[in-house]
Structures are given as structure tokens and as C-alpha cells.
1. Below 8 Å, C-alpha to C-alpha, sequence gap of six or more: please give me the relative contact order for chain A in percent.
2. Over all residues in B:78-88, what is the mean tally of Cβ atoms on other chains that come within 10 Å of each residue's Cβ?
3. Inside 10 Å of the C-beta atoms of B:67-73, what's the mean count of C-beta atoms belonging to other chains?
4. Hey, what angle do you get for helix A:27-59 against the long axis of chain A, alpha-carbon based, 0 to 90 degrees rounded to 10?
5. Going by average Cβ neighbours within 10 Å, how do the peptides B:92-99, B:11-18 rank, with the highest at the top?
6. So, by mean Cβ neighbours within 10 angstrom, what's the order for A:165-173, A:200-208, B:75-83 with the highest one leading?
7. Given the peptides B:163-171, A:89-97, A:106-114, arrange them by the average over their residues of other C-beta atoms within 10 Å, most packed first.
8. Which one, A:Val86, A:Leu103, A:Pro18, is farthest towards the positive end of the dipole of chain A when Lys and Arg carry +1 and Asp and Glu -1 on their Cβ?
Amino acid sequence: MSWLIAFFDWLVEFFGDPARWSGPDGIPARLLEHLEFSALALALAVLIAVPLGLLIGHTGRGEVVVVVSANLARALPTLGLLVMFVLLLGAASVWPVIIPLVLLAVPPILVNTFEGIKGVDPELRDAAYGMGLRGGQVLGRVLVPVALPLILLGCRLSAIQVVATTTVAAYTGLGGLGRFIIDGFATKDYARVVGGSVLIVLFALVVQILFALAQRVTVSPGVSRRLKVR
Amino acid sequence: MGDGPPSIWEWIARNWDTGRVDSIRNLLTDHLTMSLVPILLSLVVALPLGLACVRWRWLYQPTSGLMNIVYAIPSLPIFMLLISVTGLSQTTVIIPLTFYGMAVLIPAVVDGLGSVPDHVRQSAVAMGFTPLRRLLAVELPIAVPVVLAGLRVVAVSSISLVSVGALIGQGGLGSLFTRAYQNPFMPPVIVGIVLIVALALVADGLLVLAQRLLTPWVRARKGRA
């Protein structure tokens with residue numbers, strides 16, 4: 001159990017140091033960076049994947065793109081992709097790192113948006129057309145609300161991926177909480193490694209809780225069956 | 001070094017079997033060990049746990065909640081936290097990957113057993129199958145496609161996730177990426193990515209083949225239709 005004692009000592013050393021709470025390498029600054037990079041990558045991925053998923057799901061054309069991207073994203077090693085982009089584009093700005101982050105974040109949202117739209121009960125779709133709605137209206141007022149739980153699931157899975165990849169990206173020079181791990185490991189400062197690791201785990205859990213809340217708030221009561229319809 | 005950077009084929013030939021621990025061949029073996037062990041281990045653990053969740057329904061909600069949390073935790077910090085317990089060893093990579101695998105496979109086992117039609121279960125009971133024989137000869141075979149679909153996801157993502165272990169010196173082929181980053185050089189990155197994706201494709205293909213062999217009735221039914 002000696003590792004447990006060492007573990008707590010490291011946590012006290014890391015979180016108890018007043019210098020850790022200010023400056024560009026302080027916890028607040030690194031936390032904000034991690035949030036910024038993750039949010040930027042996720043937002044770009046949503047902007048690309050949701051319209052594409054809606055289009056493919058609604059028209060039924062290009063399903064191959066969805067299947068291939070999903071399989072490829074799972075098989076591609078994130079670290080390899082990050083190093084490849086940095087070697088290709090240089091490390092002058094954050095973009096060489098943001099591009100692979102976005103590339104890996106797109107497929108989960110794309111697949112789930114596509115599956116969500118495709119899985120809508122055809123009778124429901126026909127009923128909407130029967131009521132005189134046009135293609136765009138059917139999509140916006142019927143298909144998207146019904147598919148929303150799956151679209152949000154895609155975004156949640158993508159967020160998991162992005163938070164993890166942002167951490168790994170510290171290796172290729174990106175800021176964020178991963179810096180504590182990479183820099184601490186390089187200098188054998190295990191208080192920094194352990195403290196940073198705990199922060200990232202907490203960060204990932206908070207993101208999950210926020211997504212669960214978002215799902216409760218945004219999904220229509222009729223779709224989530226919180227409202228009993230007879 | 002000769003004049004000019006070597007081509008990718010020259011680089012492979014020169015580094016394939018150097019006799020050192022970081023030859024491509026050794027990295028490939030390490031990579032296979034660190035991905036195959038979690039794949040098999042997660043299946044072995046997820047089967048009984050999934051069965052328990054089906055037998056005692058109240059277990060499923062907390063188990064799947066816990067597995068959702070496990071799945072959301074990034075691998076790198078977990079490797080780092082485990083170092084103080086298991087050291088800079090392959091075990092440090094294998095343990096978290098096993099848990100990620102379980103997070104996918106436990107729901108797959110539960111869904112798979114849930115996909116057994118009720119009339120089939122009742123027929124088996126009526127034919128006098130004991131619960132154990134019913135499970136082994138009827139329910140598990142019917143669950144195979146759903147469980148194997150989960151196992152394909154686990155296999156492919158484990159093979160690619162191992163490479164993150166390179167950041168603690170245990171990444172199999174992933175250490176080609178850290179080597180390439182330290183003395184900026186593209187061939188190792190390309191070789192690493194291609195080999196990892198190829199391994200994932202082979203594993204995926206083998207599991208598809210396994211499914212064909214384990215569920216011959218699916219093809220027979222398609223043939224008649």
C-alpha cells in the first residue's frame with residue numbers, strides 16, 4: 001500500500017503549491033487551454049458532421065462514406081496522426097494539431113446523425129409529408145427532433161475522443177492539461193504527472209455529466225418518453 | 001548515413017530485424033501482445049458479467065453506468081496513474097485497455113442474449129433442456145453476431161490505442177511515432193500507421209470469418225431465400 005501513500009503525497013504536493021494556481025503553467029490557465037482546444041475541435045467537428053450526416057441520412061446517398069470513416073477513425077492511431085501532421089505542417093501554430101483532433105472527432109457524430117435520421121419510423125416521415133410539410137420542414141421539425149438522442153450520443157462519444165486526444169496532443173507541443181503529464185514525465189516530477197492525470201480524469205467526467213444534462217434539457221419530452229402519450 | 005535521406009523501403013529493410021529491442025519486428029510482437037491480451041481478457045471477463053446482468057436484472061443499470069464512466073476516462077492519465085502500481089511495464093497498458101474492452105462487451109453480451117426470441121427460449125425449455133445446456137447450446141450461439149460485432153470494435157480500437165503507450169515507453173509500434181518526432185523523420189510514422197491499420201484490418205477480417213463459421217445458419221437461410 002506504499003504506492004497509495006506516495007500517491008496522496010504527490011497530490012498534496014501538486015495541489016498544495018500556491019505557484020501551481022497562477023501563471024501560464026498554472027492549473028487555471030492549463031484548464032482553460034484544454035477547454036478551448038477541446039471545444040474548438042468539437043465545434044468544428046459538429047459543423048462538419050451534423051449537416052453531412054443529415055444530408056446522407058435524408059437522401060440515402062453516400063452511405064459508404066459513413067461506414068468507411070467510422071472504421072478508419074477507430075483504426076487510425078491518434079499519436080501517429082498527430083506526429084504526421086506536425087511533421088508535415090510544422091509546429092508554428094496550433095492548426096497542425098487541431099486538424100487531426102477534428103478528423104478524429106467527425107466520425108462518431110457523422111455515424112450517429114446518419115443512423116438517427118435513417119432510423120426514424122417511415123410512417124412518421126410519411127405522416128409529416130401528408131400534413132403538407134416540405135422536405136426541409138420534415139427534416140427540421142420531425143426528423144431532427146426524433147433523431148436528437150442519437151445525434152447527442154454521437155457528440156458525447158466525440159467529446160470523449162477529443163478530451164483524450166487533446167491530452168495526447170501535449171506531446172506534440174499543444175497546451176492544456178496534458179502538459180503537466182508530458183512535462184512532469186520528462187523531468188521525473190511525478191507530483192506533476194499524478195496531479196495532471198487526476199485533473200484530466202475529473203475534466204473528462206465533468207464533460208460527461210454536462211452532456212447527460214444537455215440531453216435531458218434538449219430532447220423533446222415526447223421523444224424521451226418522459227411525457228406519456230396515449 | 002549515406003547521401004540524402006533513405007527511402008521508406010530502405011528504412012524498413014534497415015530497421016526490420018536489427019536484433020535490438022526497437023527493431024520493427026520486435027515492436028510488432030510487443031504490439032500484438034499488448035492488444036491481444038486485453039481483447040481476450042475483456043471477453044473472458046465480460047461474458048460472465050454480462051450473463052450475471054441478464055440473470056439478475058438489477059445489476060445491469062449500475063454496471064452499465066460504471067462502464068460508461070470507465071469508457072469516458074482518457075487512456076494517458078490512467079497509464080500515468082497506474083505506473084506507481086505496475087511500473088513501466090506492458091501490464092500498465094494492458095489493464096486500462098481491458099476495462100475499455102469490457103465497457104463495450106458487457107452491453108454487447110446483454111444485448112446479444114436479449115436478442116434471443118422468446119419462443120426459441122420456450123421451445124428449448126419445452127424440449128427439456130437444462131438451464132445450462134439451454135445457455136450453451138441455444139442462447140449463446142444466437143447471441144454470437146451481437147457479441148462479435150462488439151468484439152470487432154474492441155479489437156480495432158485496442159490495436160490502435162496501444163500506440164499511446166509509447167508515451168510511457170510501452171507502445172509497441174507506437175514508439176515509431178515518438179522516435180519520428182524526436183529526430184524529425186517521416187518514414188517511421190508512415191510505417192507505424194500503415195502497420196497498425198493493417199493489423200486492425202486483419203483482426204477485423206478474422207472476426208468476420210469467425211462469425212461465418214460460428215453462425216452457419218445465417219448463410220443457409222440467405223441461400224434459400
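What follows is calculated from the coordinates using simple rules that are stated; it is not laboratory data. Because the structure is predicted, anything quoted here is derived from the model rather than measured. Neighbour counts are summed over all protein chains in view; Cβ atoms, including those assigned to glycine, are modelled from backbone coordinates with ideal geometry.
1. Details: 260 pairs, mean separation 58.6, N = 230.
The value is 25 percent.
2. Details: counts 3, 3, 13, 7, 2, 6, 9, 3, 1, 0, 0.
The shielding value for this peptide is 4.
3. Values: counts 0, 4, 5, 0, 4, 13, 10.
Per-residue shielding by partner chains comes out at 5.
4. Value to nearest ten degrees: 20.
5. Numbers: B:92-99: 23.2, B:11-18: 14.4.
For the peptides B:92-99, B:11-18, the packing ranking is B:92-99, B:11-18.
6. With the highest mean Cβ count within 10 Å placed first, the list reads A:165-173, B:75-83, A:200-208.
7. By packing density, highest mean first, the sequence is A:106-114, B:163-171, A:89-97.
8. Result: A:Leu103.
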